[in-house]
Amino acid sequence: MVYDAEMAGRARKVRATGLLTGQGGDAVFFQSPDPLVVADRFRREGLRGLNPGYVASVARWTRHSVWTIARHSLFPKPRPPATTRRHRWVEGAEALPPAKARQVLQLANCQTFWSDCLRARSATLLHPLLTQPVMEHCLAIPTDCLTRGARDRGLARIAFEDRLPPSITERRDKGDLSRFYASVVRQSVDVVTDLLVEGRLAEKGLISTDDFDKALSDAHLIWDPATNRFLILGAIEVWARSWEGRLDRVRRAKVAVEPVENA
């Protein structure tokens, strides 16, 4: 919200008609250090795709053991059946290689960048990386090619290396906040646990809290790159409770008015 308000204020100040963004780049160019890219390569090239040097490089990049990478490649976990309504882009993606299916899901999630916000009210948001030609072109490229060199956005780095300084093309991260999120969660374990275990999401069966003790332990938080999901779930929980409260106040106000109207 702070960033959104700041950028909206700057746009109004200079009377900007459009704001150019880089939203969607992580999904389009495949930023994720995903071990499943080896499974995609194996499906495309067979055993030749499991070159020991390549598998070892992916293991270093994704911080997994070689044995874990091999297991992901040879015995990928079956996707659980959908129990809720899904984005139409994801429907039918079951036949895709696993990492490519995840890329489709990431691109579907990028549609949130077109939603209402303060910046969009101040100027037109322009997302060139989410235009149809760019998305279709990158979707046609296998994920192990998008991550050429066993690194995130590997192909994009090569494609633009003559236009960017080495400090950009060779950098190892892009402002990764995973450790910060993990620190926030570690310092808020009691609050997060109380909020979610007794929350509306758990009550409605939307999340499972069975593994919370393990997932929120120091030993797990110190390496898990997805600890920010607890912050996201906490935000959703607060949002749900807030809307329930608002709807309840509306109902009570309506009940209070009806006797007067009937009289």
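Identify, please: which residue in region 91-111 is open to solvent by less than 30 Å² (accessible area, probe 1.4 Å) and free of Cβ contacts under 8 Å to residues at least 40 places away in the same chain and is, among those, farthest from G22 (Cα to Cα)?
Going through the qualifying residues, I end up with A93.
Checking A8 against (1) touching a Ser or Thr at 6+ places or on another chain (Cβ under 6 Å); (2) closer than 30 Å to A123 by Cα; (3) modelled with pLDDT under 90: exactly one of these is not met. Which one?
Of (1) touching a Ser or Thr at 6+ places or on another chain (Cβ under 6 Å); (2) closer than 30 Å to A123 by Cα; (3) modelled with pLDDT under 90, only one is false for A8: (3).
Taking the conditions exactly as written (touching a helix residue (DSSP H, G or I) at 6+ places or on another chain (Cβ under 7 Å), open to solvent by 70 Å² or more (accessible area, probe 1.4 Å), modelled with pLDDT under 85 and not aromatic (F, W, Y)), does R186 satisfy them or not?
Answer is yes for this residue.
Which one is surrounded by the fewest Cβ atoms within 10 Å (Cβ to Cβ), of the residues in region 112-157 that are in contact (Cβ under 8 Å) with a residue 12 or more places away in the chain and of a type in the set (V, I, T)? Before you say what the answer is, go through the steps one by one.
Just the residues of region 112-157 that are in contact (Cβ under 8 Å) with a residue 12 or more places away in the chain, to begin with: 113-114, 117-119, 121-130, 134-135, 138-139, 141-144, 146-147, 149-153, 155-157.
From what's left, of a type in the set (V, I, T): 124, 134, 141, 143, 147.
On the way: T124: 12, V134: 16, I141: 16, T143: 27, T147: 29.
Once the filter is applied, the top-ranked residue is T124.
So in region 13-70, with the set limited to residues that are β-branched (V, I, T) and in contact with a strand residue (DSSP E or B) (Cβ under 9 Å, 6 or more places away or on another chain), which one is least open to solvent (accessible area, probe 1.4 Å)? Write out each step before concluding.
Step one: list which residues in region 13-70 are β-branched (V, I, T), which gives 14, 17, 21, 28, 37-38, 55, 58, 62, 66, 68-69.
Narrowing further to those that are in contact with a strand residue (DSSP E or B) (Cβ under 9 Å, 6 or more places away or on another chain): 17, 21.
Values: T17: 119, T21: 29 Å².
Going through the qualifying residues, I end up with T21.
If T169 satisfies every condition in (1) exposed (fewer than 13 other Cβ atoms within 10 Å of the Cβ); (2) touching a helix residue (DSSP H, G or I) at 6+ places or on another chain (Cβ under 6 Å); (3) of a type in the set (V, I, T) but one, which is the exception?
Evaluating T169 over (1) exposed (fewer than 13 other Cβ atoms within 10 Å of the Cβ); (2) touching a helix residue (DSSP H, G or I) at 6+ places or on another chain (Cβ under 6 Å); (3) of a type in the set (V, I, T) leaves (1) as the failure.
Can you tell me how many residues in region 96-122 are within 13 Å of G25 (Cα to Cα) and touching a strand residue (DSSP E or B) at 6+ places or on another chain (Cβ under 9 Å)?
Residues in region 96-122 being within 13 Å of G25 (Cα to Cα) and touching a strand residue (DSSP E or B) at 6+ places or on another chain (Cβ under 9 Å): 1 in total.
Being in contact with a Phe, Trp or Tyr (Cβ under 8 Å, 6 or more places away or on another chain), of a type outside the set (G, A, S), modelled with pLDDT under 90 and closer than 20 Å to L139 by Cβ: is that true of P76 here?
No: the conditions fail for P76.
Counting residues that are at pLDDT 85 or above, which helices (runs of 4 or more DSSP H) fully inside region 204-263 reach at least 3?
Fully inside region 204-263 and qualifying: 228-262.
Would you check which residues across region 4-32 are in contact with a Cys (Cβ under 7 Å, 6 or more places away or on another chain) and outside any loop (DSSP other than H, G, I, E, B) and list them?
Those that are in contact with a Cys (Cβ under 7 Å, 6 or more places away or on another chain) and outside any loop (DSSP other than H, G, I, E, B): D4, A27, V28.
Check region 90-110 and report whether any residue there is under 30 Å from R12 (Cβ atoms) and either modelled with pLDDT of 85 or more or of a type in the set (D, E, K, R) (or both).
yes
The values are calculated or read from the model by the stated rules, or taken from the named source; none is laboratory data. Everything quoted here is computed from the prediction, not taken from an experiment. When we count neighbours, we look across all protein chains shown, and the Cβ atoms used for this are built from the backbone with ideal geometry, even at glycine. Surface areas here come from the heavy atoms of the whole protein model, side chains and all, with no ligands, DNA or RNA. Shrake-Rupley method; radii C 1.70, N 1.55, O 1.52, S 1.80 Å.
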